[in-house]
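One structure is given below, encoded as structure tokens.
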Amino acid sequence: MTGFKAVLDSIEDLNLNQLHSLLHLAKVFKDNPSQINRLKGKRLCTFFLENSTRTKFSFQVAAQNLGMHILDVDPSKTSLQKGESLLETFRTFRAQGIDVMAIRSSEDGLLLPFKDKPPLALINAGDGKREHPTQALLDLLTLDLLFPKLKNLNVLIIGDCKHSRVAGSLCKLLPQFEMKVTLCGPDYFLPDNKLGKEELHTTDIESALKKADVIYLLRVQKERHSNAVDINSYIKTFGMTLDRVNSLARPIPVLHPGPFNMGIEIDEALVEKPISKLETGYAGYKQVENSVYMRMSILSHLLKESP
Ligand code: CP
């Protein structure tokens, strides 16, 4: 595939052909994940300035499946701590033979300065409150596998939309596949402006639930709040339980990018009802499984075209 940029910073770095190609290859890998000759000898560096369980280790598993070598770097032990710049850090890894880095940061737009002249292939593995493009892409794969056709699917994203990088990427991605995205939560969790091409921001969860084909829950991100949130009131209005989902007029899958606050945005009975096909239940572990295939696809596309 032509034109894949060396920095995957935002969903906006990908055109529709590239999105379809990523989805197609991810499905090929789902059927046959052992691809050890595909990127044999290439090197991935996971460089996480913020903690992660799903993203970091699924990149590593994806790289292993592709025959890559993996260097897991703790940024707090690098010369960044002596004042070395990020650019110099990237150049140094390139000189050591690293081909691609997956980078997580609490800073919005950390990779923006490197997009014009990247020293090596870089992947945004979640930056602050801005974007998490690889999460949105694996969610797209999960939706594609759950639903025979994506067109006109009503995706209801409930929760802390204002502080969510996942919402930032989903609102840019899902409408490109003609899905209708609604953001729902209390006023203080709704963004001031559109994040992408979502149709609606609403506090009216009951009306939104009636139209939804998919519920996508977001974590209440206490670490990013400047004011205290009334959690009990949040749970009462927006918390999702198995009984609540079962009471809807049709079966509906519930997605969550994880990690979740059990008993706040999602309850244990719902998490314990894994989904196997289009039915009511929790699809979060399917998202985790699919993350490996989508990240294999991302690494394959990126390294084929990068400098
Ligand atoms: N979904 C997600 O980004 O999870 P981690 O923070 O565990 O990587």
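The values are calculated or read from the model by the stated rules, or taken from the named source; none is laboratory data. Computed from a predicted model, the values in this text were never measured in an experiment. Don't worry about glycine lacking a Cβ; one is built from the backbone with ideal geometry, like all the others, and counts go over all protein chains shown. Just so you know, the surface numbers come from the protein's heavy atoms only, side chains and all, with ligands and any DNA or RNA stripped out. Shrake-Rupley method; radii C 1.70, N 1.55, O 1.52, S 1.80 Å.
Say we join alpha carbon atoms closer than 10 Å with springs in a Gaussian network model of the chain; which of S247, S58, S21 then has the biggest fluctuation?
S247
Give the accessible surface of segment 1-104 per residue, rounded to a whole number of Å², with probe radius 1.4 Å and ligands, DNA and RNA excluded.
50 Å²
Check which residues have an amide H placed less than 5 Å from G281's amide H, if you skip close sequence neighbours.
Hits under the 5 Å cutoff: I252, V254.
Report the label-to-label distance for L278 and N193 in nanometres (one decimal), using points 7 Å from each Cα along the Cα→Cβ vector.
3.7 nm
Picking from D243, D213, D72, which is most flexible by a Gaussian network model of the chain using Cα springs under 10 Å?
Among D243, D213, D72, the largest GNM mean-square fluctuation belongs to D243.
Tell me which residues come under 5 Å, amide H to amide H, from V7 once H is placed; ignore anything under 5 positions away on its chain.
L122
Assign one of three labels to segment 115-260, namely rounded, prolate or oblate, based on the Cα gyration tensor with a ≥ b ≥ c the square roots of its eigenvalues; rounded applies when a/c is under 1.5, prolate when it is not and a/b is larger than b/c, and oblate otherwise.
oblate
Using amide H atoms built 1.01 Å from N in the peptide plane, name the residues 5+ places from V214, or on other chains, whose amide H lies under 5 Å from its own.
Long-range HN contacts for V214: N154, L156.
Hey, what angle do you get for helix 284-305 against the long axis of the chain, alpha-carbon based, 0 to 90 degrees rounded to 10?
30 degrees
Kindly give Rg over Rh for segment 221-297, based on alpha-carbon atoms, with the Kirkwood expression for the hydrodynamic radius.
Value, to two decimals: 1.03.
Between 0 and 90 degrees, rounded to the nearest ten: what's the tilt of helix 133-146 against the longest Cα principal axis of the chain?
50 degrees
In debye, nearest 20, what is the charge dipole magnitude of the chain about its Cα centre with +1 on Lys and Arg Cβ and -1 on Asp and Glu Cβ, if you could check?
860 debye
In degrees between 0 and 90, to the nearest 10, how far off the longest principal axis of the chain does helix 16-31 point, with axes built from Cα atoms?
Once rounded, the angle reads 90 degrees.
Of all beta bridges DSSP finds with both residues in the chain, what is the antiparallel percent, to the nearest 5?
Roughly 5 percent of the beta bridges in the chain run antiparallel, per DSSP.
Carbon and sulfur atoms: what percent of the 1.4 Å accessible area of the chain do they account for?
In the chain, the share of accessible area belonging to carbon and sulfur is 48 percent.
I need to check one value: relative contact order of the chain, counting alpha carbon pairs closer than 8 Å and at least 6 residues apart, in percent.
21 percent
Between T202 and I70, what is the label-to-label distance in nm when each label sits 7 Å out along the Cα-to-Cβ direction?
Computed distance between label sites T202 and I70 equals 4.2 nm.
With a bin width of 5 angstrom, please list the P(r) values of segment 1-55 as percents of all Cα-Cα pairs, from the 0 bin to the one holding the largest distance.
Calculated P(r), rounded to whole percents: 4, 12, 16, 21, 28, 17, 3.
Lys/Arg Cβ at +1, Asp/Glu Cβ at -1, dipole of segment 45-127 taken about the Cα centre: which of A102, G67, F47 is farthest positive-ward?
G67
Considering only Cα-Cα distances, which of the following residue pairs are longer than 21 Å: K82/K222; K56/K277; K172/K194; K42/K286; K151/K197?
From K82/K222; K56/K277; K172/K194; K42/K286; K151/K197, over 21 Å: K82/K222; K56/K277; K42/K286.
Could you sort the peptides 132-142, 271-281 by per-residue average Cβ neighbour count (10 Å cutoff), highest mean leading?
132-142, 271-281
I need the phi-derived Karplus couplings for segment 109-116: 6.51 cos²θ - 1.76 cosθ + 1.60, θ = phi - 60°, integer Hz, Gly and Pro marked x.
x, 4, 8, 3, x, 9, 6, 6
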